[in-house]
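Asker: The structure's right below; bear with me while I get my questions together.
Here, each number is a calculation from the coordinates, and none is a lab measurement. Since the structure is predicted, the reported quantities are computational estimates derived from the model, not experimental observations. Cβ placement follows ideal geometry from the backbone for every residue including glycine, while neighbour counts extend to all protein chains displayed.
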Amino acid sequence: MNEAIRRPAARSADTPELAALKHDLLCAFHILHRAGQGSGVAGHLTARLPGARTFWTHKWGMAFEEVTLADLQEADFELNVVTGTEPINPTLHIHTRIYLARPDVTCIIHTHGKHVIALSALGCNLEPVTQTGAMFYEDCALFDEYDGIVLGKAEGDAIAEAIGTKRAVLLKHHGLICVDNRIGQAVIGALTLELAAEMQLLAMAAGTPHHLPREAALQAKAFLDSDETSRLRWAYLKRKVMRERPDKIPPAPPA
């Protein structure tokens, strides 16, 4: 095995479920970076086991492309690190308040894709103008307030209220949040939102976009979000990033 891969500090052995979560989380960091959603040290990505009152993320001050298994840390909803030794991003109450409001959510992604920021700066939400974007048909909110950096729970609560039961929210002047009960589908969602925002901006620049018919949009959404389609897309993204970055991402743990 490549000796360049850093290993986590000695601890009790991870359960198979936790080992799989950490491997998927590691892949997610690198997939988002290679897609241009790394955001330097500003973006954040977390995941938790179902029902857990703690979550896993990376060390504060690290860019997505730098993360290895050794850099994954567990924290509680007060942002206290419970597994690891370094601080985590101080703006993660965006995540903790969503987790508290949404027991179904096990992964949250927040990035600063340039097309999402541009679209939200216009005060526009995502519209059903592309087949790809149909994944978010009636499932993306717009948070049209901006009160600066999110450092407190109150701001996190406001964002959690804005997203409600939807799978994504565009933050005006800021970026995107995508949630799911699957790490892979959350990643696919973040990638899709940025692409769909780009296509919508191009269409708006050329004229008035036509919306997808409702029934067609719902049919496309069901297909794109199906377990089989999601599994195949996530498996491909993982294979690709693992081939490209073997020094950062070890083989997947045994199932």
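Asker: Peptides 156-162, 181-187: what's the order by average Cβ count within 10 Å, highest mean first?
Answerer: 181-187, 156-162
Asker: What number of lysine-lysine pairs in the chain show an alpha-carbon separation below 23 angstrom, given a sequence spacing of 8 or more or placement on distinct chains?
Answerer: Here the count comes out as 15.
Asker: Using only the Cα atoms of segment 119-239, what are the Rg and Dmax in Å?
Answerer: 14.8, 41
Asker: Another question about this same structure. If you take every residue apart from ALA197 with its C-beta less than 12 Å away from the C-beta of ALA197, what net charge results, scoring Lys and Arg +1 and Asp and Glu -1?
Answerer: Spelling it out: positives minus negatives among the neighbours equals -2.
Asker: Now for a separate question. In what sequence, highest mean first, do 229-240, 27-38 appear when ranked by Cβ atoms within 10 angstrom? Walk me through the intermediate numbers first.
Answerer: Details: 229-240: 15.2, 27-38: 22.1.
Per-residue mean Cβ counts within 10 Å order the peptides as 27-38, 229-240.
Asker: Determine which residues of segment 94-134 fall in the zone a paramagnetic label at GLU17 would reach in this model, i.e. backbone nitrogen under 13 Å from the point 7 Å along Cα→Cβ.
Answerer: 106
Asker: For MET204 and GLU228, calculate 0.36 nm times their separation in residues minus their Cα-Cα distance, and state this gained length in nm to one decimal.
Answerer: Extending this stretch completely gives an extra 5.3 nm.
Asker: P(r) for segment 128-192, please, calculated from all Cα pair distances in 10 Å bins and given in %.
Answerer: 20, 52, 25, 3
Asker: Could you work out the relative contact order of segment 32-124, using alpha carbon pairs under 8 angstrom and six or more residues apart, expressed as a whole percent?
Answerer: Taking the mean separation of contacting Cα pairs over the length of segment 32-124, I get 32 percent.
Asker: Whose amide H sits under 5 Å from the amide H of LEU142, counting only residues 5 or more places off or on another chain, with H placed in the peptide plane?
Answerer: LEU170
Asker: Summarise the long-distance tail of P(r) for segment 73-168 by giving the % of C-alpha pairs beyond 17 Å.
Answerer: It works out to 58 percent of all Cα pairs.
Asker: Across segment 65-77, in residue order, what do the Karplus-derived ³J(HN,Hα) couplings come to in whole Hz, using 6.51 cos²θ - 1.76 cosθ + 1.60 with θ = phi - 60° and x for Gly and Pro?
Answerer: In residue order, the calculated couplings are 6, 8, 6, 10, 4, 5, 9, 7, 10, 9, 9, 8, 7 Hz.
Asker: Compute the signed sum of charges (Lys and Arg +1, Asp and Glu -1) over the other residues within less than 14 Å, Cβ to Cβ, of LYS114.
Answerer: Values: positive: none; negative: GLU194, GLU198.
Value of the local net charge: -2.
Asker: Give me the percent of Cα-Cα pairs in segment 193-255 that sit more than 17 Å apart, rounded to a whole number.
Answerer: For segment 193-255, the fraction of Cα-Cα distances above 17 Å is 64 percent.
Asker: Let me ask something additional. Give the separation of the Cα centroids, segment 54-120 to segment 141-163, in Å.
Answerer: Each part's Cα centre sits 15 Å from the other's.
Asker: Further question on the same structure: Per-residue counts of other Cβ atoms within 10 Å, averaged by peptide: what ranking do you get for 245-251, 171-177, highest first? Could the numbers behind the result be given before it?
Answerer: Details: 245-251: 16.6, 171-177: 22.1.
Taking the mean over residues of other Cβ atoms within 10 Å, the ranking is 171-177, 245-251.
Asker: What fraction of the Cα pairs in segment 16-243, stated in percent, has a spacing above 32 angstrom?
Answerer: The share of Cα pairs beyond 32 Å in segment 16-243 comes to 14 percent.
Asker: Once phi is turned into ³J(HN,Hα) by the Karplus curve 6.51 cos²θ - 1.76 cosθ + 1.60 with θ = phi - 60°, what whole-Hz value does each residue of segment 78-95 show in order, with x for glycine and proline?
Answerer: Going residue by residue, I get 9, 6, 7, 6, 10, 9, x, 10, 10, x, 10, 4, x, 9, 6, 5, 4, 7 Hz, with x marking Gly and Pro.
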